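The values are calculated or read from the model by the stated rules, or taken from the named source; none is laboratory data. Please read all numbers here as calculations on a predicted model, not as lab measurements. Here the Cβ positions follow ideal geometry from the backbone for every residue, glycine too, while neighbour counts run over all protein chains shown.
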Amino acid sequence: MSKKISLAAPPAAIAEAAEAGNAFQVTTTDLELKRLTEAIYLKYSYDFRDYSAASQKRRVLYALTQLACPSIPELQSRVVHDPGVFQQVLQYLTIPVSEMFRDPSFFLALRQQVVPHLRTYASIKVWIAGCSTGEEVYSLAILLREEGLLERSLIYATDINPASLDKARQGIFALSSIRGFTANYQQSGGKQAFADYYTAAYAAAIFDKSLAANIVFADHSLATDSVFSETQLVLCRNVLIYFNKKLQDRAFGLFHESLGHRGFLGLGRKESIDFSSYATRFEPLARAERIFRKRPGLA
Ligand SMILES: C[S@@+](CC[C@H](N)C(=O)[O-])C[C@H]1O[C@@H](n2cnc3c(N)ncnc32)[C@H](O)[C@@H]1O
């Protein structure tokens, strides 16, 4: 008898089913999703083929309802024939959600445990991978300014979503979010009044342009691109949770290669390097905050 098991099931469950001699069939939805991501890759060179199947399925099913599309094959056809539809689907697939000083204790740990090391460098390069609409980038710029390090820092902020990068470049956020951002800032060890950093205009908070003077926003995919600079600090937060293990390993490889001697890596609250192929090449600096440090002597 064939046992129905989804490709979204944990690999161990799929392997177990095969091991037990159960014939199993991949669900139609899984096949359609595979064809959709393959088509997107072939047509637009965006590679979603190694994203976590379960989360990708949720995102695509949500896109179907939002775009009033009856089926995944129909969505595939629209995406392939209309770049405008692809741009819409990209918004659903990339999950452009962020906030300033997200997980304030992470930024407090950065300030207390990483900044003292960064201070010892004449110039500092930071890579924020998967920067989305820029909230995390401006948070780090504010932190570095307060620690007197922004002027000697260069921040590369990268993402695959051009609409998110455009928004990030503007440095304008909804005024309705500022209350939450202010609370986060205060909990993260912020040293000034948060209002010092922006001008309120109608429904928008326009952030001080000088914060962005040393920020380079760029298109870069962790799935297909290579390393472009040596850095002392890499932040990649709430991005790897959407990748499968193979793609997470690829990203960790890029971070390891980018980081100079004893460089620092900050991940999201639900992310860890522990079970990756790079686990032994990093040591925890603040484990609860997901801040790791490159071990010495390992290529
Ligand atoms: C949930 S947001 C995280 C934003 C921010 N890092 C934070 O923690 O608030 C995930 C971001 O990862 C980006 N992303 C997804 N796949 C990517 C890839 N292959 N390479 C680079 N960025 C990617 C998305 O476009 C999105 O902006």
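Here are a few things to note about the model shown:
Let's see how each residue does on (1) within 21 Å of Thr37 (Cβ to Cβ); (2) among the polar types (S, T, N, Q):
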{"site": "Ile72", "(1), (2)": "yes, no"}
{"site": "Phe106", "(1), (2)": "no, no"}
{"site": "His117", "(1), (2)": "no, no"}
{"site": "Thr120", "(1), (2)": "no, yes"}
{"site": "Leu140", "(1), (2)": "no, no"}
{"site": "Leu143", "(1), (2)": "no, no"}
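- Sole residue being farther than 19 Å from Phe264 by Cβ and either of a type in the set (A, V, I, L, M) or within 16 Å of the ligand (Cβ to nearest atom) (or both), chosen from Ala122, Ala174: Ala174
- Complete set of residues in the stretch 94-122 that are part of a helix (DSSP H, G or I) and under 23 Å from Ala174 (Cβ atoms): Thr94, Pro104, Phe106, Phe107
- Gln56 meets each of the listed conditions (1) more than 25 Å from Asp219 (Cα to Cα); (2) crowded, with 19+ Cβ neighbours inside 10 Å apart from (1).
- Of note, Gly134 satisfies the criterion of being modelled with pLDDT of 95 or more and either in the same structural domain as Ala251 (by TED's automatic domain parsing) or not small (Gly, Ala, Ser) (or both).
- Residues in the stretch 58-72 that are within 16 Å of the ligand (Cβ to nearest atom) and of a type outside the set (Phe, Trp, Tyr): Arg58, Arg59, Val60, Ala63.
- Any chance Gly253 is assigned to a helix (DSSP H, G or I), surrounded by 14 or more Cβ atoms within 10 Å (Cβ to Cβ) and modelled with pLDDT of 95 or more: yes
- The single residue among Gln76, Gln88 that is within 16 Å of the ligand (Cβ to nearest atom), under 30 Å from Arg35 (Cα atoms) and either modelled with pLDDT of 95 or more or not in a loop (DSSP other than H, G, I, E, B) (or both) turns out to be Gln88.
- Counting only strands (runs of 3 or more DSSP E) that fall entirely inside the stretch 143-247 and contain at least 2 residues that are in contact (Cβ under 8 Å) with a residue 12 or more places away in the chain, within 20 Å of the chain's Cα centre (by Cα) and loosely packed, with under 15 Cβ neighbours inside 10 Å, the qualifying elements are 215-219.
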